[in-house]
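**Q** Here's a structure for you.
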């Protein structure tokens, strides 16, 4: 477990080997740090994606107001529709949705590792109380 690569399989990262509690305990802080850093990176990417969407929406809104399509009465609703269907804005919104998904994923990972830490404590208490003694 000491030379294990984190992030390859989250299922393996949160799995708990009750017969190697000492190795699990040693790895727990590194696992938590790894996924907490990934969560921080994902949040930063989400913030950047949100900023890009807002910027593009503003930029396209100004452009459509200055260059309205012919034969269309320009209203706020029309401008909003033009912005919402703009290819660049749509692509940026897809990137934002992906960034949010990553935040949710890593947030769940950190929560799962908190639960793993709790289970490590419980299993250690069970072991110390003789629960796993061989008769």
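The values are calculated or read from the model by the stated rules, or taken from the named source; none is laboratory data. In this text, all values refer to a predicted model and were calculated from it rather than measured experimentally. Here the Cβ is made from the backbone with ideal geometry for all residues, glycine too, and neighbour counts use every protein chain on show.
**Q** Residues 103, 89: which one is in a helix (DSSP H, G or I) and either in contact with a strand residue (DSSP E or B) (Cβ under 6 Å, 6 or more places away or on another chain) or in contact (Cβ under 8 Å) with a residue 60 or more places away in the chain (or both)? If you could, list the steps in order and put the result at the bottom.
**A** Working: 89 fails: either in contact with a strand residue (DSSP E or B) (Cβ under 6 Å, 6 or more places away or on another chain) or in contact (Cβ under 8 Å) with a residue 60 or more places away in the chain (or both).
Within the list 103, 89, the selection yields 103.
**Q** Could you tell me which of the residues 126, 96, 113 is more than 20 Å from residue 8 (Cβ to Cβ) and either at pLDDT 90 or above or within 13 Å of the chain's Cα centre (by Cα) (or both)? It would help to see each step written out before you state the result.
**A** Values: 126 fails: either at pLDDT 90 or above or within 13 Å of the chain's Cα centre (by Cα) (or both); 113 fails: more than 20 Å from residue 8 (Cβ to Cβ).
Answer to the selection: 96.
**Q** Quick one: would you say residue 35 is under 30 Å from residue 122 (Cβ atoms), surrounded by fewer than 13 Cβ atoms within 10 Å (Cβ to Cβ) and either at pLDDT below 95 or in contact with a helix residue (DSSP H, G or I) (Cβ under 9 Å, 6 or more places away or on another chain) (or both)?
**A** Working: under 30 Å from residue 122 (Cβ atoms): yes; surrounded by fewer than 13 Cβ atoms within 10 Å (Cβ to Cβ): no; either at pLDDT below 95 or in contact with a helix residue (DSSP H, G or I) (Cβ under 9 Å, 6 or more places away or on another chain) (or both): yes.
No, not satisfied.
**Q** Which one of 11, 105, 85 is at pLDDT 95 or above and surrounded by fewer than 12 Cβ atoms within 10 Å (Cβ to Cβ)? Walk me through it before giving the result.
**A** Details: 11 fails: at pLDDT 95 or above; 105 fails: surrounded by fewer than 12 Cβ atoms within 10 Å (Cβ to Cβ).
Matching residue, one of 11, 105, 85: 85.
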